[in-house]
Structures are given as C-alpha cells and as structure tokens.
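Peer 1: My structure is below; once you've seen it, I'll send some questions.
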Amino acid sequence: MLSTGTNFRRFMKRTVSAVSIVLLAVAMGTAGLAAWWLKTGRMPIASGATYMTVTKTASADSTPVPGIAPIFVLVVGSDARSGETVARGDAIHLVGVNPQSGQATMLDIPRDTGAQIPGHGTDKINAAMSSGGAQLLADTVGNLVGIKVSFVITTDFDGFIGMVNELGGVDVNVISRNVDREYSGANFEVGTTHMNGTQALAFSRNRHGFPSGDLKRSENQGYFILQTLSQLRTNNPGPTATLGLLGNLGRHARLVNMGWADAYRLGRLGLSLDPQNVRNLVIPVGSGVGSRLALLGNARDLFNDFADDGVLQRH
Amino acid sequence: MLIAACGSDGEKAATDNQDQTPQVEKVQFAAGDVKVVRTGNTGEANLSDVDALVSATAKYVRQASVIPMHGEPLKISDLLTSAARPNAVGEASDALTDVGDSPATDSVEVISAPLPITILTDNTGIAALATVSIDVTISTKTKTGAVKIHRVGELAFVHEGSNWLIDGWRLTVNRDGKGIASAPRTSSSTKAP
C-alpha cells in the first residue's frame, strides 16, 4: 500500500517502467484490443490522454530491405510525472525482430547500465533520455549494442494503467512468487492472475522482492510483454483488427517522424511474432563505479550475436 | 458508421491468346459495409476512396489471377507498396496470385461477394489506411479440365498519393479441379511488411 507522500513519489518516480510494457504489447500485437472493439462496437473515445509516443528514428529509413532485414525497436518507460517534459528512461527494452524467421529477441537493459552517451560522456544509460530525448537514447543503446534503432516507443506512468485497462487487463501466468507489499504493492502468488492496470504496474515494478533487484524487475517486464502479446494473439488478429487498434492508438499516441503506414507495419510486425519464438533476457551486467553497472565480459559476444539478425544463436 | 457504396470494374477480354477461345471475364465488384476508424475527431467515408478501393481490389484480382490464367505474364508489383514487394514471394506469392496452370480455354468467371471495407482516417480526417475483405471465386477451363479457385481473406491498403496500394494481406486460397496443374491444394499467407 502507498500510505505516505514519500512512498507515493517514489512509486511515481521509479516505477513507470511497466508502462512501456503495455506500449510494446500494443505495438507488437494490438489487434486484441481491436478485436474487442470490433466485437463490442465501442468506438474509442478521445480522452485527451497521451499514453505513448512512437518515434521513427533518423536511421530508420536506412533499413536495407523492408520486410526482410531485422528491425530494432526500443521500448522505454520514462520516469516523467504529469507535466514534466524532461525525464529519464528507466525501463529500457531493445527488441530485435527478424521478419524472415518470425523470431525475435528482447534485451532488457537495466537502467543503471553504464554507457557512453554521445556528446555527454559516460553515465547511466537512463540519463540519455533526459539529455537528448528518444533519439539520443536510441543512439546510445544502438552504439552500446551495435545496431540501429528504427523506432522508439516511450511512455510514462500516467499512460500505463490506462493502457492496460484499455486492453481489458492481461492474464499473466505468474511463474515465481512476486510479492512486495511495502513499495510496489505487488502481491502475486504462482498461478494465473488477471491483472488490471494497477496490478500490472505493481507486478512489473517490483524490485524489492527479489535478491537481484532491478535485474529481475527488468526480466519481469519483458515477461509481462510476452504474456500480453500471447493474449492478444489468441484473438487471431488480422489487418482489419489492426486498423481498429490503430484508431485507438491514434487517440492516445503521438507519432513522430512517421505516418500511419509505419504504425500499421509496426503493429503487424509485432503481431506476426509468436511469443514462443521471442527470447527475453537481461543483458549481462555486474557492479560498477558510482553505482553504474558495467557490462560483463560476455556482453559483447551477446550483442554481436543479436545484432546481425535480431536472433540469438549462441546464447 | 455504415454506408453502402458500389463500385465496379469491368474487365476487358484478354486479346492476344491465339490458341485460346475468346475469353470474356465477368467481373462485378461492389463495396459491402464500410466502417471508418478515426484517429481524430473527424473523418467520414469518402465515396471516392471507397470506389478507389473497390477498383484497386478488382485490379488486383485481374492482374493476379485473370491475366495469368490467360497465359500472360504476372504483373502485380505496381499494385504493391515498396515495403510489400519483397514479401510477395514463395508461399505469399502462391496465396496472392494464380500462376502456373495451363492457360484458360474458356472465359474466366469471377464472382465476388460484396467487399467489406474498413478505412482509417488520420487526425485531419483524410483516409490513410484501409482493409478490404475479399471472398472471390474464379472459375474457368483449361485443356486439362475445369479450374475453380476460391480466395478469402483481407487486403491491407496504404494511400500513397492518389493510389491505394496493397501493403499487407491475410489470404487463404483453395484450388480445385482437374485443370489445376498440381493436385488440388490450399495455400495461405499472412504477411506483414
């Protein structure tokens, strides 16, 4: 429970990460919502709330062959609170999709990972967002991993609960106990739980309940994304259902440097993925100077394995 | 919002198949229910867009199925977006097009159910994307026998300039009859550029 202002601010500040989960789920497999919308005949109502921003990066157009080459999408949950325009990227997930094989990899990048931020020296990777927005974070992550990010999906705390609720909640198969009543409010035993927005946020932000802290939290965020994608795909989405979702997306999303064709293709690309064919793993980091986490020795090999086609063959 | 609109695309007979009997295709396409998905507060179904989508669908059927059945080269690349072209290969091509069978020796009949259309409008109300659901049966005869092809699914269109181009699809095709070059078969493709 959040009983004090301090705890609430901490809650607000540190746990926006899960918002990104919903956004990616939307980007990856939005037709579930669309199917619901089509089934119920409910037209999305403009609320004025922006749940997410989708940015096509400067390097997106250099993708060699659309539909053939791997595509890299960065999903970011920022720590922005209402009214704030500058924020750090506190939940960072890099998704590499191989359209040819229908496989994908999600690299969960802890927010404290040390990285070279172009023009700003070495810092925690989450500082790139506040220094230069989505593009700089994309460049920073791209340089770290050795890829070019084509799209960045960002969200903040305010969008998270609303988006999960828009989806009608998500059925999550909790495979390990996730309890942290003091900070996140997470209270999930093993088994399938239907989570609303608030519960999903608690599930995805809990780090105090695990010995590995933020690393386990990052992994859980990725897991939640895949659980959401799995649920969306059970609705057997197609192009028309995707359009229905885009109608909703358009009312709650801001598209930067891109049009609806790009948004449609991004959504369909996600929907083409079977979650069984998506690897989810936290990049290998250890301790570091000034609480910055240093990459472990095997990180470079992992990145090289990932960068060539978005799929891990050796890890 | 539902509106009814009609469009048609009359097909001309293919001309230069010397070995074939005269072929006259009977093609009638018409819009079914039209839905509009708005990303802003405005946006209605423009009849010119509806007609253009019906015509684009008819053109696709003609170029992907009817013309190849006359033994002429397949020409659908100009109907696809640049993003979709690399995907129109292999299984996708088999689901999208009808090639490889003996040329038709009789007229090619095309029967299409009304085409349900969904249009997405941008925040200024301009149509940006659309999907057309198809249910098309194509029948003809070849020197080896009858051919019947049933294609159902969805085509996704992107509005580029004044054209509606195919950007994606989810199609299932059933082919039957002694005129089919290989054994009667089913093919399907879901492709998302």
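Peer 1: Where in segment A:214-315 are there helices (runs of 4 or more DSSP H), lying wholly inside it, with at least 1 residues that are touching a residue at least 12 places away in the same chain (Cβ under 8 Å), farther than 24 Å from residue A:149 by Cα and not hydrophobic (A, V, I, L, M, F, W, C)?
Peer 2: Filter on segment A:214-315 gives A:214-233, A:239-252.
Peer 1: I'd like the full set of residues that are modelled with pLDDT of 95 or more and either exposed (fewer than 15 other Cβ atoms within 10 Å of the Cβ) or under 22 Å from residue B:149 (Cβ atoms) (or both), limited to segment B:34-52.
Peer 2: None; the set is empty.
Peer 1: Moving on to the next point. In segment A:241-271, what residues are surrounded by fewer than 19 Cβ atoms within 10 Å (Cβ to Cβ) and either facing chain B (nearest Cβ under 9 Å) or not hydrophobic (A, V, I, L, M, F, W, C) (or both)?
Peer 2: A:254, A:257, A:259, A:262, listed by residue number.
Peer 1: Only one of these is closer than 30 Å to residue A:194 by Cα, in a loop (DSSP other than H, G, I, E, B) and at pLDDT below 95: A:101, A:82. Name it.
Peer 2: Answer to the check: A:82.
Peer 1: Which condition breaks for residue A:291 when tested against (1) farther than 22 Å from residue A:166 by Cα; (2) in contact with a Pro (Cβ under 8 Å, 6 or more places away or on another chain)?
Peer 2: (2)
Peer 1: Test residue B:159 against the stated conditions and say whether it is closer than 24 Å to residue B:52 by Cα and away from chain A (no Cβ under 14 Å).
Peer 2: Against the criterion (closer than 24 Å to residue B:52 by Cα and away from chain A (no Cβ under 14 Å)), residue B:159 does not qualify.
Peer 1: Find the residue count for segment B:112-133, including only residues that are in a strand (DSSP E or B) and more than 24 Å from residue B:190 (Cβ to Cβ).
Peer 2: 1
Peer 1: Search segment B:45-62 for residues being more than 12 Å from the chain's Cα centre (by Cα) and aliphatic (A, V, I, L, M), and hand back the single one that is farthest from the other protein chains (Cβ to nearest Cβ).
Peer 2: In this case the residue turns out to be B:47.
Peer 1: Does residue A:300 satisfy being under 29 Å from residue A:127 (Cβ atoms) and basic (Lys, Arg)?
Peer 2: Yes: the conditions hold for residue A:300.
Peer 1: Going by the structure shown, is residue B:23 at pLDDT below 90 and more than 23 Å from residue A:261 (Cα to Cα)?
Peer 2: yes
Peer 1: Still on this model: Which residue is surrounded by the most Cβ atoms within 10 Å (Cβ to Cβ), if the candidates are limited to segment A:207-220 and must be in contact with a Lys or Arg (Cβ under 6 Å, 6 or more places away or on another chain) and under 18 Å from residue A:78 (Cα atoms)?
Peer 2: A:217
Peer 1: Somewhere in segment A:185-199, is a residue within 17 Å of the chain's Cα centre (by Cα), crowded, with 23+ Cβ neighbours inside 10 Å and assigned to a helix (DSSP H, G or I)?
Peer 2: No, that holds for no residue.
Peer 1: Going by the structure shown, is residue B:115 among the hydrophobic types (A, V, I, L, M, F, W, C), closer than 15 Å to residue B:64 by Cα, touching a residue at least 40 places away in the same chain (Cβ under 8 Å) and within 14 Å of another protein chain (Cβ to nearest Cβ)?
Peer 2: So residue B:115 does not fit the description; no.
Peer 1: Taking the condition of being away from chain A (no Cβ under 14 Å) and surrounded by fewer than 19 Cβ atoms within 10 Å (Cβ to Cβ), how many residues in segment B:118-138 meet it?
Peer 2: So the answer is 1.
Peer 1: For segment B:63-109, name all the residues that are more than 14 Å from chain A (Cβ to nearest Cβ), outside any loop (DSSP other than H, G, I, E, B), in contact (Cβ under 8 Å) with a residue 24 or more places away in the chain and farther than 16 Å from residue B:153 by Cβ.
Peer 2: The answer is B:66, B:67, B:68, B:69, B:104, B:109.
Peer 1: Here's a follow-up. Looking only at residues that are touching a helix residue (DSSP H, G or I) at 6+ places or on another chain (Cβ under 6 Å) and more than 15 Å from residue A:197 (Cα to Cα) in segment A:221-230, which one is surrounded by the fewest Cβ atoms within 10 Å (Cβ to Cβ)?
Peer 2: A:230
Peer 1: Filter the strands (runs of 3 or more DSSP E) completely within segment A:106-158 down to those with at least 2 residues that are surrounded by fewer than 21 Cβ atoms within 10 Å (Cβ to Cβ).
Peer 2: Hits in segment A:106-158: A:114-117, A:121-124.
Peer 1: Let me ask something else. Is it the case that some residue within segment B:145-152 is outside any strand (DSSP E or B) and of a type outside the set (D, E, K, R)?
Peer 2: So far as segment B:145-152 goes, no, none of its residues is outside any strand (DSSP E or B) and of a type outside the set (D, E, K, R).
The values are calculated or read from the model by the stated rules, or taken from the named source; none is laboratory data. What you see is a predicted model, and the numbers here were worked out from it, not measured in a lab. Positions of Cβ are generated from backbone atoms using ideal geometry, with glycine treated the same way; all protein chains shown enter the neighbour counts.
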